[in-house]
Amino acid sequence: MIRRLLLVLVLFDLTAFCQAPKLDRQVAVTIDDLPAGMADRLPAADITAMTTKLLTTLRDQKIPVVGFVNENKLYKPGEVDERIKALQMWLDYGFELGNHTFSHMSLNQRELKDWEDDVIQGESVTRMLLAQHKMRLRYFRHPYLDTGRDLETRRKADEFLIQRGYRIAPITLDGWDWAFAGIYEDARKRNDTDMQQKIVKDYLAHHEASFAYSEQQSVKVVGYEPRQILLLHASNLEADHIGELLDLLRKRGYRFVTLQDALSDPAYSLPDTYVGEEGTGWIDHWAITQGKVIQGAPVFPQWVIERSKQLQLSTGQVSAETSN
Ligand SMILES: [Zn+2]
């Protein structure tokens with residue numbers, strides 16, 4: 001009898017062991033480079049169509065999103081009104097807008113004063129649109145994630161942003177979607193469906209690998225998986241395929257929270273003295289601050305970089321900043 005009871009207990013334990021642990025992961029979605037990463041290459045009608053498709057999916061799936069704007073992309077002669085309307089749609093659909101500087105300016109490449117001016121210049125239309133929805137401009141995202149090459153610049157810039165009423169929007173999940181988006185745009189224009197499928201397959205695979213890596217790093221650096229913040233970019237790739245990416249996140253146990261909710265995680269108050277030439281995510285910031293060695297990040301598919309070079313797409317820059 002006792003032996004049978006033990007067997008039952010062992011079996012019970014095994015069942016508990018075999019069941020996957022119930023994960024409660026949380027993620028806030030942010031989308032940069034509005035109204036479109038490739039706004040200089042796309043006519044306003046295409047930007048509107050892209051925005052409509054992207055926002056419809058996000059609204060239907062009830063995903064809270066903050067979109068970060070580069071207002072210089074609005075000023076194309078003859079298209080200003082339509083481009084502002086595309087931006088307005090984000091608010092009409094129930095999303096929020098933040099500032100990503102006027103011209104997608106890197107804090108690491110320019111003087112602090114110039115950069116501050118670019119932040120201010122990037123506020124006018126966005127602030128006006130937000131006011132119409134009784135909302136306030138409250139989030140800032142650094143272009144290229146460049147937060148300053150030295151600690152003094154970084155601290156001064158942080159202070160400047162706080163004084164202007166901003167909360168800095170860090171990121172912890174990043175699969176470099178913008179690098180896939182450029183070559184996808186080309187394949188889409190040429191109706192090359194084979195190439196589009198190939199790109200989407202690797203875009204999803206690389207994101208999945210990046211998510212797994214960030215989750216592991218989180219535990220090593222933070223001690224647990226904080227509410228993550230995902231970085232994406234406004235593009236036809238996301239408009240066409242963000243649904244598959246959201247499914248992938250759900251499969252990993254994520255539910256979607258607001259940026260405000262994510263930022264309430266204590267991880268975002270961890271010491272952060274990261275400075276460097278290259279912008280990077282906040283898990284790296286915290287790791288480097290703690291003196292931890294970062295290794296094992298998934299390798300970005302080389303063929304995507306080669307293809308971008310062939311098409312003369314920038315591989316290190318999202319926007320047309322170089323034209324300024
Ligand atoms: Zn950007």
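At full extension, K134 and A45 could sit 29.3 nm farther apart than now, given 0.36 nm per residue minus the alpha carbon distance.
Loop-located chymotrypsin sites (Phe, Trp or Tyr not before Pro) in the range 164-252 (DSSP state not H, G, I, E or B) with no more than 13 neighbouring Cβ atoms inside 10 Å: Y224. One decimal place: the segment E152-R255 gains 33.3 nm when fully extended, by the rule 0.36 nm per residue minus the C-alpha distance.
Which value in Å does the Kirkwood hydrodynamic radius of the range 184-324 take, with 1/r averaged over all unlike C-alpha pairs and then inverted?
Computed over the range 184-324, the radius equals 17.3 Å.
Close amide H partners of D32, meaning residues 5 or more places away or on another chain with modelled amide H under 5 Å apart, are F68, L232, H233, A234. Each Cα pair under 8 Å and six or more residues apart adds its sequence gap; the mean of these over the residue count of the chain is a relative contact order of 26 percent.
For the chain, modelled as a GNM whose springs connect Cα atoms under 10 angstrom apart, the maximal fluctuation among G296, G253, G223 occurs at G296. Just checking the listed ones, K76, K134, K198: in the Gaussian network model of the chain with Cα springs under 10 Å, the one fluctuating most is K134.
Structural descriptor for the range 52-138: relative contact order 31 percent, calculated from alpha carbon pairs under 8 angstrom and at least 6 residues apart.
Can you put D40, D194 in order of accessible area, largest first, using a 1.4 Å probe?
These residues rank, largest area first, as D194, D40.
Extents of the range 77-131, taken as max minus min of Cα coordinates on every principal axis and listed largest first, are 36, 26, 16 Å. Under 5 Å between amide hydrogens, built in the peptide plane, is the criterion, and for Q26 it picks out Q228, R255 among residues at least 5 positions away or on other chains. Taking a ≥ b ≥ c as the square roots of the eigenvalues of the alpha carbon gyration tensor, the range 234-308 is oblate, as a/c is not under 1.5 and a/b does not beat b/c.
The figure for L204 is an accessible area of roughly 30 square angstrom, using a 1.4 Å probe on the protein chains alone. Pop out the Kirkwood hydrodynamic radius of the range 47-195 from its pairwise C-alpha distances, inverse of mean 1/r, in Å to one decimal. Roughly 16.8 Å, rounded to one decimal. When the chain is treated as a Gaussian network with alpha carbon springs shorter than 10 Å, the biggest mean-square fluctuation among E152, E225, E71 belongs to E152.
For a Förster distance of 35 Å, can you work out the FRET efficiency between the beta-carbons of Q197 and D24, rounded to the nearest 0.05? For R0 = 35 Å, the calculated efficiency reads 0.60. Sites listed here are GluC sites (Glu not before Pro) in the range 232-302 whose DSSP assignment is loop and whose Cβ has at most 14 other Cβ atoms within 10 Å: E277, E278. For the chain, the Cβ-based charge dipole about the Cα centre amounts to some 1060 debye (Lys, Arg positive; Asp, Glu negative; other atoms uncharged). Take the Cα of E159, go 7 Å toward its beta carbon, and none of the backbone nitrogen atoms of the range 269-302 fall under 16 Å from that spot. The lysines whose alpha-carbon is closer than 16 Å to the alpha-carbon of K156, local same-chain residues fewer than 8 away aside, are K113.
Compared with the alpha-carbon gap, the fully stretched path from V299 to K189 is longer by 36.8 nm at 0.36 nm per residue. Within the chain, helices built from complete DSSP H runs that reach 20 Å or longer along their own axis (Cα positions) and carry a mean Kyte-Doolittle hydropathy of 0.0 or higher are 2-18, 44-60.
Rg then Dmax, both in Å and based on the Cα atoms of the chain: 21.2, 86.
The values are calculated or read from the model by the stated rules, or taken from the named source; none is laboratory data. These numbers were taken from a predicted model, which means no experiment stands behind them. Here Cβ is always computed from backbone atoms with ideal geometry, including for glycine, and neighbour counts include all displayed protein chains. Keep in mind that these areas ignore ligands, DNA and RNA; they rest on the heavy atoms of the full protein, side chains included. Shrake-Rupley method; radii C 1.70, N 1.55, O 1.52, S 1.80 Å.
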